[in-house]
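Shown next, in structure tokens, is the structure this report addresses.
The values are calculated or read from the model by the stated rules, or taken from the named source; none is laboratory data. All of these numbers come straight from a predicted model, not from anything done at the bench. So basically every Cβ, Gly included, is an ideal-geometry build from the backbone, and we count neighbours across all protein chains shown. Just so you know, the surface numbers come from the protein's heavy atoms only, side chains and all, with ligands and any DNA or RNA stripped out. Shrake-Rupley method; radii C 1.70, N 1.55, O 1.52, S 1.80 Å.
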Amino acid sequence: MLTKVYGSAVFGVEATTITVEVNIDKGIGYHLVGLPDNAIKESNYRIAAALQNNGYKIPGKKITINMAPADLRKEGSAYDLTLALGILAASSQIKSENIEKYIIMGELSLDGSLQPIKGALPIAIKAQEEGFTGFILPTANAKEAAIVGDLKVYGVDNIKQVLEFFDQGVPLEQTIIDTREEFYKSLDFPEFDFSDVKGQESIKRCMEIAAAGGHNIILIGPPGAGKTMLAKRLPSILPPMTLHEALETTKIHSVVGKIKNMGLMSQRPFRSPHHTISDVALVGGGAYPQPGEISLSHNGVLFLDELPEFKRGVLEVMRQPLEDREVTISRARFTVTYPSSFMLVASMNPSPGGYFNDPDAPVTSSPAEMQRYLSKISGPLLDRIDIHIEVTPVPFEKLSEERKGESSVDIRKRVTVAREIQTKRFQELENVHYNAQMNTKQIREYCKLDDKSKALLKNAMERLNLSARAYDRILKVARTIADLAGEQALNENHISEAIQYRSLDREGWLG
């Protein structure tokens, strides 16, 4: 008897429906075809034990299973439940009238209990698009999948519940969540707050500008100056995620199985990989491509602490994603694209000894050592970082002050207003939402200069030997400074402040 059951495969952040055809005939054998990986090939052992422990069995006949489309590689253990139901339906051990109306996924334990799967959200989105009645999956993934409207989602703990549902009509409990209510209810404020930071007013100003325009920023200062503390507080002043951004972000984290028994992600991600990370782990890829840290940082912050300690090759692979805001990974049979629109926040010591820009510490590094240390970061990568700012240690008088600094709530209000100005400005453009995303054409349109501003910028370009890309970065940052001030036209005050934030272009740093 031939039976069809439906599962799903995730490629990139999109799902593809997989038809599992099970045919049982005379003879003996178990044949699984359709490019399954080893985890799927081993599923028959898990299925046999799970069925036996729940009063069922794999029939002693010739079982042929095809996973269509047959030319698409399938991977992972999430097809256990799909295959088990297909075998039971094809051998008439359970009724199969309604089984084709559902997407069914889940990894089986030997006792029949179900383990969580990866990619539940993109699978649910695809199931809804293709008109399936419902999605049956492990309870741990039910809230994640229930984000999708117009699709019945059933979370189950054991295969026995699914078998009783199809064979005896025992109802399953549907998981229902109000996506908007869940999203707004979970918009808690981040745990780190700028009010905890003593002094560093100029650095806080830079962070506010970076947050308002979505600009990449690098903090240069000696150990203990507060670079990491400041970076961790950046998400607290970023505008709250929109519902669309939350869905996008949740989808990516779902693919790698990082959504644990929760629904929609409402906090912007903050990722801080170690400097020993590989290029594949940072950008994404592998034999079966997975999102890397830069995609997991989508709509949030990627913090690279001690930037020169990262391998140069690892840093160089970020150059294109920083420009394109997406990562494309190509393999012989397919190509996947992951979104990677993130804010890069980097920190570094100014010299191998760490104290080059500390006025109270002796310089212990020679010019040659300085050059070797700074040359670990390429010029083209630095050009893609809009704001370079020096961080110096906070004096004791500031540290001992009882008065708290300005809170993240107050800073965030100004940032949100500036972002709203940018949203309105770019509302007719498809892929531009804030100033850092502007291309050269848009910079020329929205960052027009008067004669005084042009003269000031020309002088700075010549004295600092800035590249054309650095020129564009200065204009973008100046546009954000003007937006924070609520001013439509750029003037020389905006330009002069933006020029200050190119520390590493100055003589004495890189040349």
Criterion violated by E97 - all others in (1) at pLDDT below 95; (2) acidic (D, E); (3) surrounded by 19 or more Cβ atoms within 10 Å (Cβ to Cβ) satisfied:
(3)
Within the group I117, I104, I136, which residue is without any contact (Cβ under 8 Å) to a residue 60 or more places away in the chain, among the aliphatic types (A, V, I, L, M) and crowded, with 20+ Cβ neighbours inside 10 Å?
I136
Name the residues in the stretch 446-480 that are among the acidic types (D, E) and under 30 Å from the mean Cα position of the chain (by Cα), would you?
D472
Are there any pairs, at least 6 apart or on different chains, whose C-beta atoms fall under 9 Å, with the first in the stretch 456-469 and farther than 18 Å from P380 by Cα and the second open to solvent by less than 80 Å² (accessible area, probe 1.4 Å) and assigned to a loop (DSSP other than H, G, I, E, B), and if so, which?
L456/L449; L457/L449; A460/L466
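Being part of a helix (DSSP H, G or I), open to solvent by 10 Å² or more (accessible area, probe 1.4 Å), under 23 Å from K57 (Cα atoms) and not polar (S, T, N, Q) narrows it down to one of D167, D111, so name that one.
It is D167.
For the stretch 26-48, which residues satisfy the criterion of being open to solvent by 50 Å² or more (accessible area, probe 1.4 Å), more than 12 Å from I65 (Cβ to Cβ) and either among the hydrophobic types (A, V, I, L, M, F, W, C) or assigned to a strand (DSSP E or B) (or both)?
Initially, the stretch 26-48 is screened for residues open to solvent by 50 Å² or more (accessible area, probe 1.4 Å), giving 26, 28, 30-31, 33, 35, 38, 41-42, 45.
Retained after the next criterion (residues that are more than 12 Å from I65 (Cβ to Cβ)): 26, 28, 35, 38, 42, 45.
I28, L35 - these are the residues of the stretch 26-48 that are open to solvent by 50 Å² or more (accessible area, probe 1.4 Å), more than 12 Å from I65 (Cβ to Cβ) and either among the hydrophobic types (A, V, I, L, M, F, W, C) or assigned to a strand (DSSP E or B) (or both).
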Reported set for the stretch 209-257 where residues are in contact with a Gly (Cβ under 6 Å, 6 or more places away or on another chain) and within 26 Å of L381 (Cβ to Cβ) is P222, P223, K227
Within the stretch 75-88, residues at pLDDT 95 or above and either out of contact with any strand residue (DSSP E or B) (no Cβ under 6 Å at 6 or more places or on another chain) or assigned to a helix (DSSP H, G or I) (or both) come out as D80, L81, T82, L83, A84, L85, G86, I87, L88
Out of everything in the stretch 217-238 that is in a loop (DSSP other than H, G, I, E, B) and open to solvent by less than 10 Å² (accessible area, probe 1.4 Å), what residue ends up being nearest to M438 (Cα to Cα)?
L238
Being part of a loop (DSSP other than H, G, I, E, B), open to solvent by 10 Å² or more (accessible area, probe 1.4 Å) and closer than 22 Å to K251 by Cα is the filter here, so list the residues in the stretch 299-330 that pass it.
N299, R325
Counting only residues that are more than 29 Å from the chain's Cα centre (by Cα), among the hydrophobic types (A, V, I, L, M, F, W, C) and closer than 30 Å to S330 by Cβ, the stretch 5-34 contains a total of 3
